[in-house]
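Trainee: Take this structure first; my questions come after.
The values are calculated or read from the model by the stated rules, or taken from the named source; none is laboratory data. Note that the coordinates shown come from a computational prediction; the quantities given were computed from them, not determined experimentally. Cβ sites come from the backbone with ideal geometry, for glycine too, and all protein chains shown count toward neighbours. Areas reflect the complete protein model, heavy atoms only, side chains present, ligands, DNA and RNA absent. Shrake-Rupley method; radii C 1.70, N 1.55, O 1.52, S 1.80 Å.
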Amino acid sequence: MTKPPLTLYMAAPRGFCAGVDRAIKIVEMALTKWGAPVYVRHEIVHNKFVVDSLRDQGAVFVEELDECPDDRPVIFSAHGVPKTVPAAAQAREMIYVDATCPLVSKVHIEAQRHADNGLQMVMIGHAGHPETVGTMGQLPEGEVLLVETPEDVATVTPRDADKLAFVTQTTLSVDDTADIVAALHARFPKIVGPHKEDICYATTNRQEAVKAMAPKCDAMLVVGAPNSSNSKRLVEVGARAGCDYAQLVQRATDIDWRALQGIKTLGITAGASAPEVLINEVVDAFSDHYTVTVEQIVTAEENVEFKVPRVLREPA
Ligand code: SF4
């Protein structure tokens, strides 16, 4: 039987970012240096495939430091942690390695600097997301005001409207965040913040590539996890940029073939925590069903790399 033709657009950049790459390397190097088990507080990155493969190598994933024994190393995930977490590890004299992405750490430093300058912080982020919890946890409880939408800005009650600064989660929608920042500037003209927001290069680049790709596509799939903020944003960006069917899939088994019947063009991208092996699996699944022509939609080149912490570069 002849297979129908399908043009497969591949967004570039897509998939792993430098912060995710570094975090995974940190766990692997810790396992080599200290042997198993190495404890990891929270999923090192939001991807089940990555977590399962590290678990197979001897990593033990827990949600809280209390679940780790004193005498085994613990790694903090790429999303960052509140200050109380390394402080508790230090008090217990544990070996710990912080895999917080350096671009998240930069936001932590910004928040502390603003607080040191007497400004109260507003955080633009998603309630309960570990990165938001970690960034808000750089300052004492109750010091940071969280806003998730432009509407939230109207209900913020700062101590002094003239002494405010804002930071953002790194994996937000660029366009939604611009609306929230505009609302903050309108209500608090003296608010201090970054030039635009703190959204990282990887999030920005993946959203730009999707915006260029989506209008060409009958359907679009984002390879990523349901708890991955940047992956979920790519689905929204694709839908808003004109693609009628934009869906998140964790891997090929999630593809809804019935919903895709009759498509001639498909866009594929992947969140920053989705490994290339899963992207290839999805592409291979389409090659089994269609005669595929692959076209890359390249909107940026990335060559960012972050060093692992010194403790892992030294001999045991
Ligand atoms: S998405 Fe951005 S902030 Fe998050 S780990 Fe990757 S580079 Fe760092």
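Trainee: May I ask you to give the percent of accessible area on the chain that is carbon plus sulfur, with a probe radius of 1.4 Å?
Mentor: It is 51 percent, rounded to a whole number.
Trainee: Rounded to the nearest 5, what % of the DSSP beta bridges within segment 18-101 are antiparallel ones?
Mentor: Rounded to the nearest five, the antiparallel share is 0 percent.
Trainee: Within the chain, how many lysine pairs that are 8 or more places apart, or on different chains, have C-alpha atoms less than 16 Å apart?
Mentor: 10
Trainee: Given a cut-off of under 8 Å on Cα pairs at least six residues apart, what relative contact order in percent is computed for the chain?
Mentor: The value is 26 percent.
Trainee: Here's something else I'd like to know. Just how large is the dipole of the chain about the Cα centre, in debye to the nearest 20, putting +1 at every Lys and Arg Cβ and -1 at every Asp and Glu Cβ?
Mentor: Rounded to the nearest 20 debye, it is 500 debye.
Trainee: Separation of segment 87-127 and segment 266-316 by C-alpha centroid, Å?
Mentor: With segment 87-127 and segment 266-316 each reduced to a Cα centre, they are spaced 29 Å.
Trainee: On average, how much accessible surface per residue is there in segment 38-85, in Å², for a 1.4 Å probe, leaving out ligands, DNA and RNA?
Mentor: 41 Å²
Trainee: Quick one: compute the contact order of segment 67-155, relative version, from alpha carbon pairs under 8 angstrom and 6+ residues apart, as a percent.
Mentor: With pairs under 8 Å counted, the relative contact order is 31 percent.
Trainee: Highest first, please rank the peptides 215-222, 147-154 by the mean number of other Cβ atoms sitting within 10 Å of their residues.
Mentor: Top of the packing list down: 215-222, 147-154.
Trainee: When you count, for each residue, the other Cβ atoms within 10 Å and take the mean per peptide, how do 279-292, 129-142 rank with the highest first?
Mentor: 129-142, 279-292
Trainee: Amide H of residue 40: which non-local residues (sequence gap of 5 or more, or other chain) have their own amide H closer than 5 Å, using H built in the peptide plane?
Mentor: For residue 40, whose amide H was placed from the backbone, the distant partners under 5 Å are 60, 61, 62, 75.
Trainee: Using a simple charge model, +1 on the beta-carbon of Lys and Arg, -1 on the beta-carbon of Asp and Glu, nothing else, what dipole does segment 183-316 show about its Cα centre, in debye to the nearest 20?
Mentor: The dipole of segment 183-316 has a size of about 660 debye.
Trainee: Another question, then. Across segment 107-123, in residue order, what do the Karplus-derived ³J(HN,Hα) couplings come to in whole Hz, using 6.51 cos²θ - 1.76 cosθ + 1.60 with θ = phi - 60° and x for Gly and Pro?
Mentor: Running phi through 6.51 cos²θ - 1.76 cosθ + 1.60 with θ = phi - 60° gives 5, 4, 5, 4, 4, 5, 5, 5, 5, 4, 8, x, 9, 7, 9, 10, 10 Hz.
Trainee: In Å, what Kirkwood hydrodynamic radius results for the chain from the alpha-carbon pair distances?
Mentor: Evaluated on the chain, it is 20.8 Å.
Trainee: Continuing with this model, one more query. What ³J(HN,Hα) values, in whole Hz, does the Karplus curve 6.51 cos²θ - 1.76 cosθ + 1.60 give for segment 221-231 when θ = phi - 60°, with x put for Gly and Pro?
Mentor: So the Karplus estimates, Gly and Pro as x, are 10, 10, 7, x, 9, x, 9, 8, 4, 5, 5 Hz.
Trainee: I'd like the per residue volume of the convex hull spanned by the Cα atoms of segment 62-220, given in cubic angstrom.
Mentor: Hull volume over Cα atoms, normalised by residue count, gives 136 Å³.
Trainee: Which three lengths, in whole Å and largest first, does segment 103-187 cover when its Cα atoms are put on their principal axes?
Mentor: Ordered largest first, segment 103-187 gives principal extents of 28, 26, 18 Å.
Trainee: Something else about it: State, as an integer percentage, the relative contact order of segment 103-187 based on alpha-carbon contacts under 8 Å between residues 6 or more apart.
Mentor: Result for segment 103-187 is 38 percent.
Trainee: When the Kirkwood hydrodynamic radius is evaluated over all pairs of different C-alpha atoms of segment 18-101, what value in angstrom, to one decimal, is obtained?
Mentor: 12.4 Å
Trainee: Tell me the mean residue ellipticity at 222 nm calculated for the chain from its helices only (DSSP H runs of n ≥ 4, each -39500 (n - 2.57), averaged over every residue, nearest 500).
Mentor: Counting only the DSSP helices, I get -11000 deg cm²/dmol.
Trainee: When the convex hull of the Cα atoms of segment 65-159 is projected onto a plane and the area is averaged over all directions, what value comes out in nm²?
Mentor: 6.7 nm²
Trainee: For a quick size check, give me the Cα extents of segment 10-57 along its three principal axes, largest first, whole Å.
Mentor: Principal extents (largest minus smallest coordinate, Cα): 38, 18, 16 Å.
Trainee: If packing is taken as the average count of other Cβ atoms within 10 Å, what order do 297-310, 180-193, 10-23 fall into, highest mean first?
Mentor: Ranked by mean Cβ neighbours within 10 Å, highest first: 10-23, 180-193, 297-310.
Trainee: Using θ = phi - 60° and the Karplus curve 6.51 cos²θ - 1.76 cosθ + 1.60, what whole-Hz ³J(HN,Hα) does each residue of segment 124-129 get, with Gly and Pro shown as x?
Mentor: Result, ordered by residue: 8, x, 9, 4, x, 5 Hz.
Trainee: With the other protein chains left in place, how much accessible area per residue, in square angstrom, belongs to segment 103-187 at a 1.4 angstrom probe?
Mentor: That works out to 44 Å² for each residue.
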